Amino acid sequence: MAIAERAAGDVMIIAVAGDLTADSRLGVGLRDAVRHLLQLGHRKVVLDLVGTAHLDSTGLGEIVHAYASTRNRGGTLKLLHPGRRIKELLAITKLNSVLECYDDEADLLAAFSSGPD
């Protein structure tokens, strides 16, 4: 379980490696990472879930919290590399209508560049 941050221009990418479940402490680390970036003034945030295979209601809650925190600060949060199971969960909960998901980093960065963000 690990969280790593990197910049791609003015977009901050938080790479999540591990399961976002009630049994993991990864959710707390994710919340802290998002809070830290927002405090530093970053408003374009990406959660890269390429290393996350499992997500339960607790993990989903952490993603929703990250989204809400970012929006409340005038920012945008997008998801990168959500796996099939995560996409299915987002569809079941209808969060796929709120959270933008991308499978390609270049497409995601282009979406930030072309949007009002």
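The values are calculated or read from the model by the stated rules, or taken from the named source; none is laboratory data. Note that the coordinates shown come from a computational prediction; the quantities given were computed from them, not determined experimentally. Every residue, glycine among them, receives a Cβ derived from its backbone with ideal geometry; neighbour counts consider all protein chains shown. The accessibility values were calculated without ligands, DNA or RNA, using every heavy atom of the protein model including side chains. Shrake-Rupley method; radii C 1.70, N 1.55, O 1.52, S 1.80 Å.
Condition check ((1) more than 21 Å from Ala8 (Cβ to Cβ); (2) in contact with a Gly (Cβ under 6 Å, 6 or more places away or on another chain); (3) charged (D, E, K, R)) across all residues:
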residue	(1), (2), (3)
Arg31	yes, no, yes
His36	no, no, no
Leu47	no, no, no
Ser57	yes, no, no
Residue, farthest from Ala33 (Cα to Cα), within the stretch 69-85, restricted to residues that are open to solvent by less than 10 Å² (accessible area, probe 1.4 Å) and of a type outside the set (D, E, K, R): Pro82
Qualifying positions in the stretch 88-115 - within 13 Å of the chain's Cα centre (by Cα), within 18 Å of His65 (Cα to Cα) and open to solvent by 60 Å² or more (accessible area, probe 1.4 Å): Asn96, Val98, Glu100
From the options Arg31, Arg6, residue that is free of Cβ contacts under 8 Å to residues at least 60 places away in the same chain, out of contact with any strand residue (DSSP E or B) (no Cβ under 7 Å at 6 or more places or on another chain) and open to solvent by 60 Å² or more (accessible area, probe 1.4 Å): Arg31
Only listed residue being free of Cβ contacts under 8 Å to residues at least 60 places away in the same chain, open to solvent by 30 Å² or more (accessible area, probe 1.4 Å), in contact with a helix residue (DSSP H, G or I) (Cβ under 8 Å, 6 or more places away or on another chain) and among the β-branched types (Val, Ile, Thr), chosen from Val16, Val64, Val50, Val45: Val64
